[in-house]
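Asks: Got a structure for you, questions after.
The values are calculated or read from the model by the stated rules, or taken from the named source; none is laboratory data. Just so you know, these numbers come straight off a predicted model, no measurement behind them. Cβ placement follows ideal geometry from the backbone for every residue including glycine, while neighbour counts extend to all protein chains displayed.
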Amino acid sequence: MMCIIGSEDITYAFSSIGFEPVITDNNNREGVIKALEAYDVILIEEEIAKEFEGKLKEVKEKGKVIIEVPGISGSAGYTRERIRRMVINAVGMDIFKENGER
């Protein structure tokens, strides 16, 4: 079972290819938590993922697949920063560092 968690605009696009929409408008925290527990493959809008970081970690440990996707207005950089931190922890250096960054 697959779902997409996010705004109405983003969920509409993915629902057309078989993902069950979980719309987060109107502060639907309970619906998000239920979806995270019920579905095995979960696409979640980046901004929503940021709010549920602890719960996402918990459900990933249960073997669920969580994929963070940018919202309709583009990426907020949250996913890139998470990957950056994981790489630094794994290899001990920042391979994403831009020229001039320390």
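Asks: Applying the selection to region 13-47, what residues are assigned to a helix (DSSP H, G or I), touching a strand residue (DSSP E or B) at 6+ places or on another chain (Cβ under 7 Å) and farther than 21 Å from G63 by Cβ?
Replies: Passing the criteria: F14, S15, G31, E46, E47.
Asks: Only one residue in K55, K60 is in contact with a strand residue (DSSP E or B) (Cβ under 8 Å, 6 or more places away or on another chain), at pLDDT 90 or above and either basic (K, R) or loosely packed, with under 13 Cβ neighbours inside 10 Å (or both). Which one?
Replies: Step by step, each of K55, K60 is checked, and only K60 is in contact with a strand residue (DSSP E or B) (Cβ under 8 Å, 6 or more places away or on another chain), at pLDDT 90 or above and either basic (K, R) or loosely packed, with under 13 Cβ neighbours inside 10 Å (or both).
Asks: Scanning region 1-39 for residues that are within 12 Å of I67 (Cβ to Cβ) and of a type outside the set (A, V, I, L, M, F, W, C), which turns out surrounded by the most Cβ atoms within 10 Å (Cβ to Cβ)?
Replies: That would be G6.
Asks: Name every residue in region 65-93 that is of a type outside the set (G, A, S), assigned to a loop (DSSP other than H, G, I, E, B) and at pLDDT 75 or above, in order of residue number.
Replies: P70
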